[in-house]
Every structure is written in C-alpha cells, then in structure tokens.
Amino acid sequence: MQLDGLIEKLKMDHLAPQIEGVCEQAAKKDLNYKEFLTLALDTEWRGRHLKGVESRLVQARLPWVKTIDEFDFAFQPSIDRKVVRELSGLAFCERAENVIMLGPPGVGKTHLAVALGVKAVEAGHRVLFLTLESLIMRLSRARSENRLDRQLQQLVYPKVLILDEMGYLPMSREDASLFFRLLSRRYEKASIIITSNKSFTDWGEIFGDQVMATAILDRLLHHSTVISIKGDSYRLREKKKAGMLEKQRTRKEEANEEDEEKKEPLKT
Ligand code: ADP
Ligand code: MG
C-alpha cells in the first residue's frame with residue numbers, strides 16, 4: 001500500500017497534511033529512522049491532543065478561560081499556594097474528591113475553579129461548568145418532564161463538575177433535595193468544585209433546612225479540600241486603580257461610582 005493510503009487507513013488525519021514538511025525536516029536535520037518515526041508519530045499525537053482539548057473546552061461551557069498562572073497570589077495572601085499547586089496536579093480528580101472555594105465576591109473563587117477545570121480538560125477529563133441556578137433549573141425541568149433519572153445520569157459523566165455561586169439564591173426544600181440526589185450520585189465517583197460566598201454555618205439558610213444542609217455538607221466535605229479566601233475584591237481593586245488615573249471628575253460622578261461599588265458585591 002502507498003504511504004497516502006496507509007495514513008488514511010490508519011486515520012492519521014493530523015499527520016496527513018504535514019507529511020511533506022515532516023519528511024523535509026527529517027532530511028534537513030539528518031534524522032535517523034527512530035528519530036524520524038518519533039517526529040511523525042508526535043505530529044499526529046499533538047494534533048489529536050489539541051483537538052481533544054479544544055472540544056472538551058467547548059463541552060465544559062466555561063464562562064471564560066483563566067489559568068492558575070494568571071492568578072496573582074500576592075494579592076490574595078490568605079490562599080495557600082501549596083494547596084492550589086497540589087490541586088493543579090489533579091490528584092483530587094483521580095480520587096473523585098471535592099473542592100470548595102469560599103469567600104466574598106471578587107476574591108477569585110470562580111477564577112480558581114475555572115483554572116482547575118482547564119487543567120482537568122488538558123489532562124483529558126470531561127468537565128462541565130454550571131451555576132447553581134442553572135443546575136437547579138435543569139434538574140427541576142427534568143423532574144417535571146419525567147426524565148430526572150436520565151438527567152442525573154448525564155450529570156455524573158463529567159469527571160469534574162463546577163458548580164458556581166452556591167448561596168446567591170435560596171433554594172426551596174425540593175430544590176435542595178434535587179441537589180442532594182445529584183451529590184449522592186456523584187459521591188466517591190467524580191469531583192465537584194463548588195464556589196460560595198456563604199460560610200458553612202450559613203448553608204442552613206441556603207437550603208432552608210438545617211437537616212438537609214447537614215446531609216449535603218456531610219457528602220460534600222467527606223473527601224474535600226476547602227479553600228477559604230479572606231481578602232479584598234480584585235474587581236474593586238481594578239476599579240479603584242482606574243479611578244485614580246482619572247484626573248477630572250465631578251463630585252456627582254464620584255458619588256455614582258461609590259454607589260456602583262456598593263452594589264458590586266451582588267453582581268458576581
Ligand atoms: P469571585 O468568583 O470570587 O466573585 P472571580 O473569580 O470572578 O471572583 O474574580 C473576579 C475577576 O477578578 C475575574 O476576572 C478574575 O479573573 C479576577 N481575579 C480575581 N482575583 C484575582 C487574582 N488574585 N489575580 C488575578 N485575577 C484575579
Ligand atoms: Mg464567582
């Protein structure tokens with residue numbers, strides 16, 4: 001069989017368009033057989049890996065892509081870098097453990113959750129990002145359409161499920177029990193990363209029921225890493241910096257901006 005035919009039969013779609021270049025490079029660098037074979041297979045492998053990462057990133061539905069490297073740890077000294085470094089190694093994901101990020105608005109909870117999601121995607125895992133609100137909407141719609149079981153099953157497939165903004169909206173008892181069913185399904189099978197602006201003592205309030213909150217916390221915390229961030233909002237810091245650069249502003253504008261800053265914590 002000819003080379004083109006072999007590449008096609010072996011479905012080496014990434015090597016196919018680059019084979020001429022690979023051969024030229026091999027000739028120019030005077031590669032031996034083994035080195036040439038490695039270069040050719042590596043070209044195919046890289047292409048496949050990149051395509052996989054891209055498609056998993058789309059499936060993950062992240063609100064934006066941010067990485068650990070883009071996180072300014074100096075600005076948030078309450079975060080133990082070692083813990084974040086350990087999490088980036090993804091052992092938590094292999095062991096189906098959970099991660100909980102707590103802290104006020106703007107301190108980087110979603111940033112870190114997304115960054116760990118990106119790491120997991122790069123390592124070949126399926127990831128899904130949902131706000132708590134959209135999760136509950138999905139589950140209640142599925143229940144009313146008699147397909148709750150199937151929906152729960154679908155939510156077990158992603159190796160990492162990121163649930164953002166727990167606690168911004170209170171949940172009804174039924175919502176909380178749907179959430180509990182999801183937790184039970186994923187328990188010790190796949191990881192959840194949760195972000196919340198409420199401390200654990202306030203979770204009873206979120207779920208409208210202390211018993212339910214205890215059961216939920218019990219499942220979530222059993223195998224988990226908690227990162228509790230105490231510090232200033234990065235968003236406000238950027239706003240303030242921008243404010244200092246403006247020279248001419250009326251008092252009215254300043255007053256408006258202060259009002260905006262007071263409102264900001266509600267918008268994450
Ligand atoms: P939270 O989810 O805690 O409300 P976000 O993660 O959404 O906060 O952070 C708000 C914005 O500030 C995002 O654009 C995020 O990338 C950025 N940010 C927050 N903390 C940091 C940090 N320490 N270094 C770099 N960017 C940060
Ligand atoms: Mg957030």
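Numbers for the structure displayed
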read-out: Distant alpha-carbon pairs in the range 125-165 (separation over 15 angstrom), percent; value: 40
read-out: Accessible area of the chain belonging to carbon and sulfur atoms, whole % at 1.4 Å probe; value: 52
read-out: Mean separation of Cα contacts under 8 Å, 6 or more apart, over the residue count of the range 89-216: relative contact order %; value: 36
read-out: Greater than 24 Å apart at Cα, pairs in 119/241; 9/51; 82/109; 51/109; 109/241; 11/34; value: 119/241; 51/109
read-out: Model label zone, residue 59; criterion: amide N under 17 Å from point 7 Å along Cα-to-beta-carbon; scope the range 153-171; value: 153-162
read-out: Relative contact order (percent, whole number), the range 3-59, Cα cutoff 8 Å, 6+ residue spacing; value: 39
read-out: Under 5 Å, built H, 5+ apart or other chain: amide partners of residue 192; value: 98, 99, 161
read-out: Ranked packing of 103-116, 28-41, most packed first, by mean Cβ within 10 Å; value: 103-116, 28-41
read-out: Heavy atoms of residue 64: accessible area, 1.4 Å probe, square angstrom to 10; value: 110
read-out: Surface accessible to a 1.4 Å probe, residue 214 within the full protein complex, Å²; value: 80
read-out: Mean ellipticity per residue at 222 nm, deg cm²/dmol - from DSSP H runs of n ≥ 4 across the chain, formula -39500 (n - 2.57); value: -17000 deg cm²/dmol
read-out: Gap separating the Cα centres of the range 117-163 and the range 71-105, nearest whole Å; value: 21
read-out: Built amide H within the under 5 Å cut-off of residue 131, gap 5+; value: 164
read-out: Inter-label distance, nm, simple model (7 Å from Cα along the C-beta direction), residue 38/residue 73; value: 3.3
read-out: Cut-off 15 Å between beta-carbons: net charge of the residues surrounding residue 76, Lys and Arg +1, Asp and Glu -1; value: +2
read-out: Per residue accessible area of the range 18-94, 1.4 Å probe, in Å²; value: 72
read-out: Which of 182, 217 is most accessible, then next, and so on - probe 1.4 Å; value: 217, 182
read-out: From the C-alpha gyration tensor of the chain, square roots of 5λ in Å; value: 42, 28, 17
read-out: Average Cα contact separation per residue, the chain, under 8 Å, 6 or more apart, as relative contact order %; value: 23
read-out: In degrees, nearest ten, helix 251-263 long axis to first principal axis of the chain (Cα); value: 80
read-out: Alpha-carbon spread of the range 3-59, three principal axes, descending order, Å; value: 42, 23, 16
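The values are calculated or read from the model by the stated rules, or taken from the named source; none is laboratory data. As the structure is a prediction and not an experimental result, all values here were calculated from the model. Here Cβ is always computed from backbone atoms with ideal geometry, including for glycine, and neighbour counts include all displayed protein chains. These accessible areas exclude ligands, DNA and RNA; they are computed on the full protein's heavy atoms, side chains included. Shrake-Rupley method; radii C 1.70, N 1.55, O 1.52, S 1.80 Å.
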